[in-house]
Amino acid sequence: MSKSLLWRLGLVVALAALAAWRLWPPGETINLGLDLQGGIHLLLRVETQDAVRAETDKDMDVLRREAADDGVAGIATRRLTDTTFEATGFAADRLAAVEKVARDWLGGGWDWERTGAGLVFEMEPANERSIRDGAVNQALQTIRNRVDQFGVAEPLIARQGLESERIVVQLPGVDDPERVKRLIKNTAFLEMRLCEYPWVGGGAPSRQAILEHYGGRLPEDVEVYPEDERDPATGKLLGQTFYALEKRRVITGRDLRSANPSRGQLGQPVVAFMLSADGARAFGEATGANVGRGLAIVLDGKVVSAPRINSRITDSGIIEGNFSDQDAQDLVTTLRSGALPAGITYLEDRTVGPSLGHDSIQSGMRAGLYGSLLTVLFMLIVYRLSGINSIIALALNVLLIFGALAYFGATLTLPGIAGIVLTIGMAIDASVLVFERMKEELRAGKAARAAIDAGFSNAMSSIVDANITTLIAALFLFQFGTGPVRGFAVTLSIGIFGTLFCGVFVSRVLFDLLYANRPRAAKISI
Amino acid sequence: MEILRNPNFDFMKYRRFWVTVSVLTILAGLFGIFFLGRLNFGVDFAGGTQLTLKFRDRPDVEALRDLIGRAGIREAVIQTFGSEGSNEFIVRTPIIGGSEEGSAALVLPALNARFNPDLRGTDLNQIGAPTLADLLIPVDPDGVGTERARDHYTGVAESVMAQRKARGLFSSWDQVREAGGLSPAALESLRGSTMLGSFAVLGLENVSPQVGAELRQRGILAVVGALVGMLLYIWVRFELRFGVGATMATLHDVLITLGLYAWFGYEFNLTTVAAFLTLIGYSVNDTVVTFDRVRENLRKSRSVDTLTLLNKSINQTLSRTILTGGTTILVSLVLYLYGGDVIRGFAFVMFVGVIVGTYSSIFIASPFALLWERWFGMGGRFGRAGAAAKPARANR
């Protein structure tokens, strides 16, 4: 056996061993795509204008409050758009004073213009961009926290591009998709506010009743919030009651130090919470001064419950509501992870249940098996002993494809399985090209070894050209494809390299092994 | 085994006939797509919602359609899915009123109201392992104590869900009982707190209009990019006329397959684009092999006229074309028959495409290369310079 042949044989065996080693233990080394193992793929948009609007509202409040402290009382502010507002209701000679307040307190994020009635403020574009950017990053972090707490193995949570308002979430193997989607989307903005009307003991039957109480016009510092009444057994919505609450928030979700699921006095699920030091001080003051009054717990703009304050409470309490165990658990998860800075819209949602993936793997594997068997049979009939050569090359090809998938951590998807099955069909092409060429050379009267030489070298350019064109298709597919289709492009590309290596290199080694010591052999079983 | 010994068919003789046949087939396909609206876009490109549902008892499709219609969704497409007797359906609904989050929130409550009218508590067919564990932990039917409860019942819940995964849907409590690690006490507790609904959601896909438009654009870019990329490659490697011939043959394969695909009514989605790109790769591959032989014969003698040259080369590569085409057709047929419903459209494209691709390498690519030569000459100097730059192989 020549030295070069030995060296080439060594390379083939080493590669095969490496692939087999990467694949051990079987069934655990290949990443399955969401379409095969089940799971969720979400593309979501953070509604960053929510955060921008909230910032505008906050700065309007700051301006009004600080101006009042500086002696310009009674400024009226009104938001015009998400990024603009006007301030009116002060005398013309106080204009400079208001501008000074804006300069000192609004953090440089605003431009303003004098108009006849007062000032119109416009958010600076850089400020707006940074608010939007911050909102997406905060949403990303919040979603990560929530998913982590839910215990999903190997989640992918990433911003789609650096500037984008979109986030991609991929959660493989999740079998409770609806619950996880709710959990991610929950804004979970918790606030506690003192009741204005009714003072204590449940809500008013309608908005109208509250308006009548105030004589048709709500006071400046009051807002109305609804509470859903649900049937405790079925969770069906029965109706709504309404509360007039102080605009001022006693505490918000940010003041929580911890939250845990617990049981109330009647054994019903509740959420127990502990407050941070600042939160406890504010809570203690508010509850101490308002014993006997209702304190509304508001979650995402709806009253969850409004219990009576029985005594001064400082650093801990419970949130009651019409919760199931699961509701309580999910509320704890969202409270712990913090509120989302803005709403979320699901732009793309692909949920594959585990049993659908299960079926797909089974049919894909079955098709692969039948396809391989047919190919093997076909090659044996057409090329007899040389067919065995191509079958060994083919088997090695499949082994190398799976080995490479494991090595690169690439994902196997259902179209990817189809890609492998097709590769089996097309890998044969390399062998066919070589064998047909050999036959021609043999017919032309060449001896076996010369025919092998000529067959390989003449078929080479066809094989390379043919595979490169397929590779071009695969590259474009990878560039523009998403999800399972990308997995297909990866498998197809790996398959092309496998085909080139096995169909040309390995197959040649096998022929050389057979005919190395028979320089005068005239016949090939082909 | 010899497929054909020294074949010598005059393929080019009937080239006008075959080109006419192809053009007519393409026109029929395009007619179906553009005038009859046959191309069935899936949610990937059209946007909308697709639900894969499994029912315990076979529902009447018309009743299902009616039910969904009353939920406010007209134009829902309802198809059976999976094997006979699996009671699996696909419900596809278009975008409703520009909504981005789809119609599942409308369809599912309507289905629940109709198929699970007296469902109280939790539906064991619509929850997953974490929720099931959360149900069992506070009750602790196995009496393992609070310390071990989470681990213990998570294990139990996963075993129950693995049982459901194999079936898709629990249709009786006997099936639940078969789950390993589920004690009689735990089963009793589940029977008290949960119910078995009569359908399950196996999969859900929702694509907003905006994302659908983006996916459409990417799909077109991928196909056009791949075609142009291959034309360039062949131009560099061969001569322009061959690049044109190969591209025409490939375009021909894509159009014919697309037309048939539309007539057969398979859903056109992202996977279909992948299938078409693979087909493009295969089709060019097939054509290139013939042209490679033409190039080799050209190097041997420049004097023979192109027509004879093409005929000779096609004949020389004929048995390879038949063998490779044969195996690939066989494999894609297997994929079509056994690959399952999700992959059927993909396999259809490959099956039809490989047949058409094999045909076009013989009857379409070469006539167009010839046509181009007669109209515009041999093609750019670029191609010939490229071919000449390669070291000539020794003539044997």
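Throughout, read-outs are computed from the coordinates displayed, never taken from laboratory work. Keep in mind it's a predicted model, so treat the numbers as computed, not measured. Glycine also receives a Cβ, built like all others from the backbone with ideal geometry; neighbour counts cover every protein chain displayed.
Structure data summary
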{"item": "Test item: B:317-330 mean partner chain Cβ contacts at 10 Å", "result": "6"}
{"item": "For segment A:48-128, the fraction of alpha-carbon pairs in successive 5 Å shells from zero, as %", "result": "3, 16, 31, 27, 15, 6, 2, 0"}
{"item": "Rg and Dmax [Cα atoms of segment A:186-349; Å; Rg one decimal, Dmax integer]", "result": "16.0, 49"}
{"item": "Percentage relative contact order, segment A:48-128, counting C-alpha pairs under 8 Å, at least six apart", "result": "28 percent"}
{"item": "Ratio of the Cα radius of gyration of segment A:318-369 to 2.2 N^0.38 Å, where N counts its residues", "result": "1.98"}
{"item": "Neighbourhood charge, 12 Å Cβ-Cβ cut-off, centred on residue A:263 and excluding it, Lys, Arg +1 and Asp, Glu -1", "result": "-2"}
{"item": "Exposure proxy order (Cβ contacts within 10 Å, fewest to most) of A:99, B:75", "result": "B:75, A:99"}
{"item": "Segment B:239-373 - Rg and Dmax from Cα coordinates, angstrom", "result": "16.0, 54"}
{"item": "Chain B: relative contact order as a whole-number percent, Cα under 8 Å and 6+ apart", "result": "24 percent"}
{"item": "Positive dipole terminus of segment B:15-127, leading residue within B:87, B:112, B:41 (C-beta point charges)", "result": "B:41"}
{"item": "Net charge of Cβ neighbours under 13 Å - reference residue A:139; Lys, Arg +1; Asp, Glu -1", "result": "+3"}
{"item": "Average partner coverage of A:324-330, which counts Cβ from other chains inside 10 Å", "result": "3"}
{"item": "Burial order of peptide ranges B:166-174, A:366-374, B:248-256 (average beta-carbon count within 10 Å, highest first)", "result": "B:248-256, A:366-374, B:166-174"}
{"item": "Two-site label geometry, residue B:83 and residue A:79: point separation in nm, points 7 Å out along Cα→Cβ", "result": "5.8 nm"}
{"item": "Neighbouring partner chain Cβ atoms per residue of A:361-369, average, 10 Å criterion", "result": "5"}
{"item": "Rule-of-thumb Rg ratio for segment B:54-167 [Cα; 2.2 N^0.38 Å; N residues]", "result": "1.37"}
{"item": "Segment B:122-197: relative contact order as a whole-number percent, Cα under 8 Å and 6+ apart", "result": "45 percent"}
{"item": "Cα Rg, Dmax, segment B:122-197, angstrom units", "result": "11.2, 34"}
{"item": "Average silhouette area of the protein assembly as shown, convex hull of alpha-carbon atoms, in square nanometres", "result": "48.9 nm²"}
{"item": "Over the protein assembly as shown: helical MRE at 222 nm, DSSP H runs n ≥ 4 each giving -39500 (n - 2.57), nearest 500", "result": "-19000 deg cm²/dmol"}
{"item": "Residues residue A:249 and residue A:207, FRET efficiency given R0 of 30 Å [Cβ-Cβ distance, rounded to 0.05]", "result": "0.90"}
{"item": "Reciprocal of mean inverse Cα separation for chain B (Kirkwood radius, Å)", "result": "25.3 Å"}
{"item": "Pairwise Cα inverse-distance average, inverted: Kirkwood Rh of segment A:273-354 (Å)", "result": "15.2 Å"}
{"item": "Packing rank of A:108-117, A:279-288, where each peptide gets the mean count of other beta carbons within 10 Å, highest leading", "result": "A:279-288, A:108-117"}
